[in-house]
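Enquirer: Below is a structure I'd like to ask you about.
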Amino acid sequence: DTAVSQTPKYLVTQMGNDKSIKCEQNLGHDTMYWYKQDSKKFLKIMFSYNNKELIINETVPNRFSPKSPDKAHLNLHINSLELGDSAVYFCASSQDRQSNTEAFFGQGTRLTVV
Amino acid sequence: GEDVEQSLFLSVREGDSSVINCTYTDSSSTYLYWYKQEPGAGLQLLTYIFSNMDMKQDQRLTVLLNKKDKHLSLRIADTQTGDSAIYFCAESPFSGGYNKLIFGAGTRLAVHP
């Protein structure tokens with residue numbers, strides 16, 4: 001069983017479109033994250049949710065809207081996509097927001113905006 | 001501030017030891033981590049060290065932590081071709097009641113015969 005799964009794995013779309021990436025974890029963790037990895041492989045946290053509550057928002061444009069319907073899911077919706085949004089987006093989860101002994105990562109979603 | 005720096009490339013011969021170095025800035029990090037990313041894959045936690053330790057050994061991996069200099073290193077003994085990947089150092093500053101991972105830019109390890 002995959003611990004943290006994201007869909008789709010690849011997403012190619014045109015500028016201006018709206019798209020969503022889904023993430024689910026079956027580890028019973030309370031905290032979930034979205035990270036962005038740019039073309040130079042630099043990884044940066046975007047959001048974190050703890051028990052469906054937003055706890056980290058790292059000055060991400062408001063075109064990005066995370067949604068957590070329950071603590072096992074954290075979806076990422078992106079409006080009006082721009083070329084600079086092209087990146088690999090990683091979902092992750094950890095036991096809770098404080099221990100963070102290990103964050104489990106999904107396989108990533110490669111988003112290409114053309 | 002929150003900043004993690006590491007060298008971008010390392011090339012070693014199969015069977016040699018690899019040492020990947022990292023410096024970090026936030027002294028509040030309870031844990032420091034090494035993640036591995038193979039081509040086209042997600043991140044896998046390789047090992048971590050608690051901030052009050054100065055060394056941790058796990059099979060072929062040795063982590064050294066110099067808290068005074070905020071320097072972290074990962075040594076891989078008997079490096080194999082399967083170790084070729086990008087290695088990310090990460091700190092976990094604790095502020096505002098939550099943790100987040102701050103990653104370095106990653107060190108690309110190339111292992112050649």
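The values are calculated or read from the model by the stated rules, or taken from the named source; none is laboratory data. It should be emphasised that the depicted structure is a prediction, and the values quoted were computed from it without experimental measurement. Cβ placement follows ideal geometry from the backbone for every residue including glycine, while neighbour counts extend to all protein chains displayed. Quick note on the areas: whole protein, heavy atoms, side chains included, nothing else; ligands and nucleic acids left out. Shrake-Rupley method; radii C 1.70, N 1.55, O 1.52, S 1.80 Å.
Enquirer: Report, ordered by the first and then the second residue, all pairs with beta carbons closer than 8 Å, sequence separation of six or more or different chains, a first member in region A:48-65 that is in contact (Cβ under 8 Å) with a residue 40 or more places away in the chain, and a second member that is outside any strand (DSSP E or B) and open to solvent by less than 30 Å² (accessible area, probe 1.4 Å).
Expert: A:SER48/B:LYS100; A:ILE55/B:GLY97
Enquirer: Now for a different question. So which strands (runs of 3 or more DSSP E) are wholly in region B:44-113 and hold at least 2 residues that are away from chain A (no Cβ under 14 Å)?
Expert: Working: elements: B:55-58, B:61-66, B:71-76, B:85-91, B:107-112.
Where strands (runs of 3 or more DSSP E) fall fully within region B:44-113 and carry at least 2 residues being away from chain A (no Cβ under 14 Å), they are B:55-58, B:61-66, B:71-76, B:107-112.
Enquirer: Going by the structure shown, is B:TYR35 within 14 Å of chain A (Cβ to nearest Cβ) and either open to solvent by less than 20 Å² (accessible area, probe 1.4 Å) or not in a strand (DSSP E or B) (or both)?
Expert: Yes: the conditions hold for B:TYR35.
Enquirer: Let me ask something additional. Restricting attention to region B:1-32, which residues are open to solvent by 50 Å² or more (accessible area, probe 1.4 Å) and of a type in the set (A, V, I, L, M, F, W, C)?
Expert: Once the filter is applied, which keeps residues that are open to solvent by 50 Å² or more (accessible area, probe 1.4 Å) and of a type in the set (A, V, I, L, M, F, W, C), region B:1-32 yields B:LEU8, B:PHE9, B:VAL19.
Enquirer: From the residues in region A:31-47 that are more than 17 Å from A:LEU74 (Cα to Cα) and more than 8 Å from chain B (Cβ to nearest Cβ), which one is most open to solvent (accessible area, probe 1.4 Å)?
Expert: Among those residues, the one meeting the criterion is A:SER39.
Enquirer: Being farther than 30 Å from A:SER5 by Cβ and aromatic (Phe, Trp, Tyr) is the requirement here; does B:TYR24 meet it?
Expert: So B:TYR24 passes the test.
Enquirer: Continuing with the same structure: Quick one: which strands (runs of 3 or more DSSP E) sit completely within chain A and have at least 2 residues that are in contact with a Pro (Cβ under 7 Å, 6 or more places away or on another chain)?
Expert: Once the strands (runs of 3 or more DSSP E) in chain A are filtered for at least 2 residues that are in contact with a Pro (Cβ under 7 Å, 6 or more places away or on another chain), what remains is A:43-50, A:73-78.
Enquirer: Something else now. Which one is modelled with the highest pLDDT among residues in region A:57-111 that are under 13 Å from the mean Cα position of the chain (by Cα), within 14 Å of chain B (Cβ to nearest Cβ) and open to solvent by 50 Å² or more (accessible area, probe 1.4 Å)?
Expert: Within region A:57-111, the match that is modelled with the highest pLDDT is A:ARG110.
Enquirer: Test A:ILE21 against the stated conditions and say whether it is open to solvent by 20 Å² or more (accessible area, probe 1.4 Å), touching a residue at least 40 places away in the same chain (Cβ under 8 Å) and touching a strand residue (DSSP E or B) at 6+ places or on another chain (Cβ under 9 Å).
Expert: Numbers: open to solvent by 20 Å² or more (accessible area, probe 1.4 Å): no; touching a residue at least 40 places away in the same chain (Cβ under 8 Å): yes; touching a strand residue (DSSP E or B) at 6+ places or on another chain (Cβ under 9 Å): yes.
No; evaluated as a whole, the condition is false for this residue.
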